[in-house]
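Written out below as structure tokens is the structure these notes cover.
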Amino acid sequence: QVQLVESGGGLVQPGGSLRLSCAASVSPFSYYAMGWYRQAPGKQRELVAVITPGGSTNYADSVKGRFTISRDNVKETVYLQMSSLKPEDTAVYYCNANWGIYRYWGQGTQVTVSS
């Protein structure tokens, strides 16, 4: 059974940092492009960052220079290191696994940036 389990969300002050993790039971994990998306209240889900099986990365303009996506193929986990957080980063963050016709989502983890 495929599962993507996110963790690491929470409440943080502006300027702070958080690291999200996504443990993925997709096989073979190394074949999947892994991504993080987010959805704020009243807004559409948007891509935050993606990392390919080869390790190439791509980021939304709004998070470039502040967020870093990485993956550990041995632990079958993808990470999102978030720094210099802003109130507008507040959203539910979703992990995504994508390989050809296979596309899976996690249940999401809430990130709230507020003083």
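The values are calculated or read from the model by the stated rules, or taken from the named source; none is laboratory data. Since we're looking at a predicted model, the values are computed, not measured. Note that we place each Cβ from the backbone using ideal geometry, even for glycine, and neighbour counts take in every protein chain shown. Note: accessible area is taken over every heavy atom of the protein model, side chains too, but ligands, DNA and RNA are not part of it. Shrake-Rupley method; radii C 1.70, N 1.55, O 1.52, S 1.80 Å.
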Given the criteria more than 19 Å from GLN1 (Cα to Cα), buried (at least 21 other Cβ atoms within 10 Å of the Cβ) and touching a residue at least 12 places away in the same chain (Cβ under 8 Å), does LEU80 qualify?
yes
Filter region 87-108 down to the residues that are of a type in the set (A, V, I, L, M, F, W, C) and more than 13 Å from the chain's Cα centre (by Cα), then identify the one that is farthest from PHE67 (Cα to Cα).
ILE101
Filtered residue count, region 101-115, keeping only those that are open to solvent by 40 Å² or more (accessible area, probe 1.4 Å), touching a residue at least 60 places away in the same chain (Cβ under 8 Å) and outside any strand (DSSP E or B):
3
For region 57-72, the count of residues that are open to solvent by 70 Å² or more (accessible area, probe 1.4 Å) and part of a loop (DSSP other than H, G, I, E, B) equals 3
Residues satisfying the stated conditions in region 35-56, i.e. surrounded by 12 or more Cβ atoms within 10 Å (Cβ to Cβ), closer than 17 Å to VAL92 by Cα and not hydroxyl-bearing (Ser, Thr, Tyr):
GLY35, TRP36, ARG38, GLN39, ALA40, ARG45, GLU46, LEU47, VAL48, ALA49, VAL50
One residue is enough: does region 89-103 have a residue meeting the conditions touching a helix residue (DSSP H, G or I) at 6+ places or on another chain (Cβ under 6 Å) and of a type in the set (A, V, I, L, M, F, W, C)?
yes
Could you give me the residue pairs with C-beta distances under 8 Å whose first residue belongs to region 1-26 and is closer than 14 Å to ASN96 by Cβ and open to solvent by less than 20 Å² (accessible area, probe 1.4 Å), whose second residue is of a type in the set (Asp, Glu) and in a strand (DSSP E or B) wherever it lies, and which are 6+ apart or on separate chains?
LEU20/GLU6; CYS22/GLU6
